[in-house]
Structure formats: structure tokens, C-alpha cells
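Accompanying notes for the structure given below.
The values are calculated or read from the model by the stated rules, or taken from the named source; none is laboratory data. Since this is a predicted model, take the numbers as computed values, not measurements. In this analysis, Cβ positions are derived from the backbone assuming ideal geometry, glycine residues included, and neighbour counts consider all displayed protein chains. Protein only, heavy atoms only, side chains kept; ligands, DNA and RNA dropped before computing areas. Shrake-Rupley method; radii C 1.70, N 1.55, O 1.52, S 1.80 Å.
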Amino acid sequence: QVQLVESGGGLVQAGGSLRLSCAASGSIFMINVMGWYRQAPGKQRELVANIISGNRINYADSVKGRFTISMNNAKNTVYLQMNSLKPEDAAVYYCNAVRFPGTNCWGRGTLVTVSS
């Protein structure tokens, strides 16, 4: 089993920044993908960014150039630096890890609110 604990959400004004953190514990040696998803009210959960096999990074088009995903392998932590936040970025952000051969693991989520 993998446990994921997110932190760093909160209220920020449009144009501001937040950094989300997700610490992984448990059977982390089998993780080959880590990333972030988000879900706004009334919308489906969507991929924000992920890192595959430690070096291939994907971003949603809507966040390219504003968000940066990174990992600290020594701390088993993945980060999401969010800059130039927009009201449409407001959502619950979920940390995701995929354990080989394909089991999805989820954190409980952290709320990001962006005021206009």
C-alpha cells in the first residue's frame, strides 16, 4: 500500500502563487508515476501534471508555463509550484501515484481557492 499526504492548499488572490506538497510512504519502491490531478465543483477530475519514471513530465495545456512539478526522491515527495493562479485553477487538488503494474493511489486532496 502507498499512503499519500498532501499539504499546501489555501486561499490566494488571482495572480498569486502556492506550492503543494505530497509525501509518499509505504510501498513506494513500486511507484513509477507521481503527479497531481484536480477536480472543480461539477467537473471531472483532470490531470494537472505528472512525472513518469522519474524523468518524463506532462502538463495539462491549461497550466503550461505557470505550474511546475518536481520531485525530491530523498524525501519521497512531489511538489507542484503554481504561479500566476487564475480563478479557474480553483479546485481540490489530489496527489496521485501509480504503483506497478497500474494501481492508482490517491491522497485525500487539498483545496485551492483563488479569489478574483
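For this structure, a couple of remarks:
- Bins of 10 Å from zero: percent of alpha-carbon pairs in the chain: 15, 50, 29, 6, 0
- More than 16 angstrom apart: percent of Cα pairs within segment 57-116: 56 percent
- Extension gain (nm, one decimal) between L11 and N73, 0.36 nm per residue minus Cα-Cα: 19.5 nm
- Extension gain, S84 to R66, is 5.9 nm, computed as 0.36 nm per intervening residue step minus the present C-alpha separation.
- Paramagnetic reach from R19 (point 7 Å along Cα→Cβ, amide N under 14 Å) across segment 77-106: 77-83
- For S115, net neighbour charge (Lys/Arg +1, Asp/Glu -1) across residues whose Cβ lies under 13 Å away: -1
- Solvent exposure of the chain as accessible area per residue, Å², 1.4 Å probe: 55 Å²
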